[in-house]
Amino acid sequence: GAGHHQLQDSSDSAQAVAFAVGLGAKRITLLGATAGRLDHTLANISLAAACREDAGLHVLDDSCDLQVLSGLRRLDVPAGAPLSIVPLTPDVRIRTEGLQWELDEPLELGTRGLSNRALAEEITIDVTEGLVALIIFHSAG
């Protein structure tokens, strides 16, 4: 098989997040985590899912702020902000409040949660089963 190098065990992002969590960080923002490499982007979303119980990990770039959610969350967002909710597991059950198109149903893998919009400055997302990625876009486009 191919050779294995110890540095392949974790990325720089994973090492930095582990260090921050070890220091007690409860909110971590990754910058430059999506720049041009789909494999790194997906790995950093996976990292956000893995550490969601220890710290809220945000993947922030020029266009959006992504976080992985489970459970009940009330979030402050700009009124009118475009957003998408993408299921990351096949077993998602979700209920939302404050969105243009409310969800109160199972959310299957696919595109059902794309291209929504916040109607107020506070939205509620209750993910009772599974994991979702919430992507809030910076401009109303």
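The values are calculated or read from the model by the stated rules, or taken from the named source; none is laboratory data. Since this is a predicted model, take the numbers as computed values, not measurements. All Cβ positions, even for glycine, are placed from backbone atoms using ideal geometry, and neighbour counts span all protein chains on display. In case anyone asks, the SASA skips ligands and DNA or RNA and just uses the protein heavy atoms, side chains included. Shrake-Rupley method; radii C 1.70, N 1.55, O 1.52, S 1.80 Å.
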Determine ³J(HN,Hα), in whole Hz, for all residues of region 63-75 in sequence, where each value follows from phi through the Karplus function 6.51 cos²θ - 1.76 cosθ + 1.60 and θ = phi - 60°; x replaces Gly and Pro.
9, 7, 10, 10, 9, 9, 10, 8, x, 8, 9, 10, 10
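For region 26-107, with every protein chain kept in place, what is the accessible area per residue (1.4 Å probe, Å²)? The partial results should precede the final answer.
On the way: 4420 Å² over 82 residues.
With the other protein chains kept in place, region 26-107 gives 54 Å² per residue.
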Using only C-alpha atoms and all pairs of different ones, pull out the Kirkwood radius for the chain in Å with one decimal.
15.9
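Using the Cα centre as the reference, give the magnitude of the dipole from point charges on the C-beta atoms of region 47-141 (Lys, Arg: +1; Asp, Glu: -1; all else neutral), rounded to the nearest 20 debye. Present the calculation step by step, with values, prior to reporting the outcome.
Values: 7 positive and 16 negative charges, 22 e Å.
Dipole of region 47-141, to the nearest 20 debye: 100 debye.
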Sequence-distant or interchain residues sharing an amide H contact under 5 Å with A120, placed H: which?
G80
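So what is the calculated 222 nm ellipticity per residue for the chain, using -39500 (n - 2.57) for each DSSP H run with n of 4 or more, over all residues, to the nearest 500 deg cm²/dmol? Mind dumping the intermediate values first?
Working: 2 runs with 24 residues, N = 141.
Estimated from H runs of four or more residues: -5500 deg cm²/dmol.
If you roll a 1.4 Å probe over the chain with all protein chains in place, what percent of the accessible area is carbon or sulfur? Please list the in-between numbers first.
Numbers: 4380 of 8370 Å².
The C+S portion of the solvent-accessible surface of the chain is 52 percent.
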If you project the alpha carbons of region 52-115 onto their three principal axes, what span does each projection cover, largest first, in Å?
30, 29, 21
Starting at the first residue of region 130-136, write each ³J(HN,Hα) from the Karplus equation 6.51 cos²θ - 1.76 cosθ + 1.60 with θ = phi - 60°, in whole Hz, x for Gly and Pro.
x, 10, 10, 9, 9, 10, 10
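So if the hydrodynamic radius of region 3-75 is defined as the Kirkwood radius over C-alpha pairs, what does Stokes-Einstein give as its diffusion coefficient at 4 °C and 1.567 mPa s, in µm² per second? Write down the numbers at each step before the final one.
Values: Rh = 13.0 Å.
Here the translational diffusion coefficient equals 100 µm²/s.
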